[in-house]
Structure formats: structure tokens, C-alpha cells
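The values are calculated or read from the model by the stated rules, or taken from the named source; none is laboratory data. Remember, it's a predicted structure, so these values are computed and weren't measured experimentally. Reconstructed Cβ throughout: ideal geometry from the backbone, glycine too, with neighbour counts over all protein chains shown.
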């Protein structure tokens, strides 16, 4: 059997058993009434793959920015004949359309409120990562998913990508040896930038509604569209953006649910922009059986790295394994007489992702009632690693985390940061 055939077969076998995304064929049924909330470029990417399944009927598109909404509607009309209605208020959308599926592709600070309201209205939710802006929001989302018995899948497409699946099999096979050290990293050079002018929001954008429960800050075009993750009012910087993807890969590999202790430092202020997320950050996570570190820089691409500038290194007694993105995975044996082992990535264009495989699991689980491979619980633990690192950096000390009690141990100041005050009239979700 050729290696490509072997890998393809092993992917299907392993995901159907050990990892249990349920790629089965079910009887035809009426299409799922689907609403997209957050109609920017990434939300459209998710919806596009949903339309391609042939199992969704797009009934609504919702966004507080009518400029994005119009562009999205124009593209959707090219993809299907569903003629979805458009909304600027997600509450009206949920009430009038009563969708079976809601895609929540809003900025991070909106994830919890919209996901919770969607599930309470009866919808299953495709939720983008990170699942929440604060820890207890994630707790509340998972609780509502369980209480309502709705499927809440997280956009962890790397759990489904062929090279990630085969790479995880390689790791779990023991060929890397005993692993005691893991390092996740993202290093890009975004440059100094320039100080953005604070201007009036463009016509058609309800900026007050966009800010929502977050502080109402002056508008500037580097926040919206697509730049919000460098603003801590709405997101959690690079570790909040990329961290959940790579932390999820680590938690997929280990049997442990969460780290015991976290320590992080972050620095910034070198850019000439209004963005307030840290330019560099290092975090250390202590697990029972291994130590994990995180590193990111947006001012230095770290050209000394010979794989790619994102991914996870697993350091084993037999060698070093790099789980990457666009370049696949590579194992570098400690024995210099052995050649490196490599597997190319198999990614879909134009965005080099595998969102279609997330949809297969999502739709199968809606029918079967089984939890998806990228279930909300997985998303919560991976997101929490990012959020707890930021809390450690903010209080300036190590914190001890009890995931079963969902609290930081013996640190009142740090525990207060598991939530944040919402701007009225929005109310923080109950957990």
C-alpha cells in the first residue's frame, strides 16, 4: 500500500474510533435553516463550506456593519438560491428566523452572548475560536450547551486536517519517545505600523453596537474590519488568537485536561499604532507530566527557525516533532544516521484550512446527538490556557489553576479577572 493511501485510510479509521468525529452517511433530510452572525471574510468562509455540503438553507445573514452585510449577501447569492434575509440585530434574527444552525463568527467579545442566546433559542452553534473573551464566559457557554442539549462545535479545523491527524497518530505511537517538553509558538514581523487616525465610523456601521458589552472606544479603521485582535478590549492579542489552535493540539496529544500552574510575561509599546496587545509574550504552563511554553513575537519573525514560524515542537527522547500548518509535520530523529520523516499538508484553498471536515462532523453530530470531536469543552480548555496566561501577566506572578473547581487557587485578585464588567445594558452570562 502506498504511503498516501495508508495515511488516508488511517485518518478515516482513527477519527472514526479513537478520536470519534462521526463521518457517516445519514438519510437525506430537510435542509438545516442556517444563520450567519458576523458576516466578515471568515464568517463567509465558514458559510461557504456549509453551503457546499448541500445540507443547509441560508435563511439569514446578520451584522452590525451593513457594508460587510451587503458584500456577504452578494457573495451568498452567487453560491445558492436561498435568498437569505439580512439583519443588524442578532436577537431579531434569532426570534424571527428560528434557525436550526447558527454560525457565530463575530469578534471575540461577542462570542459568549450570541452563542448562549442561539442555543437557548434552539439552534446548534458553530462557534469560532477563541470561544470567549474571559474564562467564565466559556464556562457559561459549555453549561448552556449541556443544559439545552445543543451541539456546539468549535472551529478547530486543525483537529480534522489530514496531516494533523496523521501527525497525532505518529506522536501517540511512541516513535518520538517520552515527551517532557512542548513549545508552541507564533512569530510574525508586522512592522512598526503607523498611528491610525481616529475618525467617525463609516456610514452603515453601528459602532456602539459593535463595541457592545466592551468599552466604547473611539473608532479607527485598524480595529474594524479584521484588526480587533490587537485590541485587548475586544480580544486577547496573539496568544488569544493563535494560542487556542496550538494549545488544542497539545491537549489533544496529552491525557491531561489543563495545566496546574501558569506564569507569563508580556511586553509592548514599540509599535507606532494605537493597538494595545503585547508585541511579545512568553508563557510557561506546568502540567503533571510535562512543561509547555508559549512564545510569540509580532516584531521579529525569528528567522533562525528552520521549519515554519508557527506550530508546536514536541521534544521527545527519540527526537523532535514539529506540528506545523502549511508545511505539514516533520520528525527530526536524535540519531543522526536516520533521516527526517515528513508529511505534507493537505489544505483547501484559498485559506489553507479544512473547514469542510469540521462541517462533516458538525452535521453528523446534530443527527446522532453525539458530541463532536471539536466539542465546546475542548474549545474551553484550549482557550483558557490563553486567558490564564494573560491573567498571570496582568497580576505579575504565577497562578495555580484548578480546572475542576474552575478557579485560580488562593488568589482573589487573579480570580476577579476570570470575569469582566459588561457595559450596560448587556449582562454577563450566568455560569
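Considering region 230-244, the residues that are out of contact with any strand residue (DSSP E or B) (no Cβ under 7 Å at 6 or more places or on another chain) and not in a helix (DSSP H, G or I) include one that is surrounded by the fewest Cβ atoms within 10 Å (Cβ to Cβ), namely 233. Kindly check whether there is at least one residue in region 298-309 that is out of contact with any helix residue (DSSP H, G or I) (no Cβ under 6 Å at 6 or more places or on another chain), touching a residue at least 40 places away in the same chain (Cβ under 8 Å), surrounded by fewer than 19 Cβ atoms within 10 Å (Cβ to Cβ) and in a strand (DSSP E or B). Scanning region 298-309 turns up at least one residue that is out of contact with any helix residue (DSSP H, G or I) (no Cβ under 6 Å at 6 or more places or on another chain), touching a residue at least 40 places away in the same chain (Cβ under 8 Å), surrounded by fewer than 19 Cβ atoms within 10 Å (Cβ to Cβ) and in a strand (DSSP E or B).
Just one of the listed residues (337, 390) is within 29 Å of residue 282 (Cα to Cα) and either outside the structural domain of residue 138 (by TED's automatic domain parsing) or more than 21 Å from the chain's Cα centre (by Cα) (or both), namely 390. Which count do you get for residues in region 312-329 that are closer than 15 Å to residue 291 by Cα, surrounded by fewer than 22 Cβ atoms within 10 Å (Cβ to Cβ) and within 21 Å of the chain's Cα centre (by Cα)? Adding up the residues that qualify gives 1.
As a summary of the residue check, residue 356 satisfies the conditions (1) surrounded by fewer than 22 Cβ atoms within 10 Å (Cβ to Cβ); (2) within 19 Å of the chain's Cα centre (by Cα); (3) within 25 Å of residue 395 (Cα to Cα) except for the one numbered (3). For residue 370, the requirement of being surrounded by fewer than 16 Cβ atoms within 10 Å (Cβ to Cβ) and under 24 Å from residue 150 (Cα atoms) is met. Exactly one residue out of 185, 247 is crowded, with 19+ Cβ neighbours inside 10 Å, touching a residue at least 60 places away in the same chain (Cβ under 8 Å), touching a helix residue (DSSP H, G or I) at 6+ places or on another chain (Cβ under 7 Å) and farther than 22 Å from residue 114 by Cβ: that is 247.
So that you can scan it fast, the table gives a plain yes or no per residue for (1) out of contact with any helix residue (DSSP H, G or I) (no Cβ under 7 Å at 6 or more places or on another chain); (2) within 21 Å of residue 141 (Cβ to Cβ):
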site	(1), (2)
44	no, no
95	yes, yes
98	yes, yes
104	no, yes
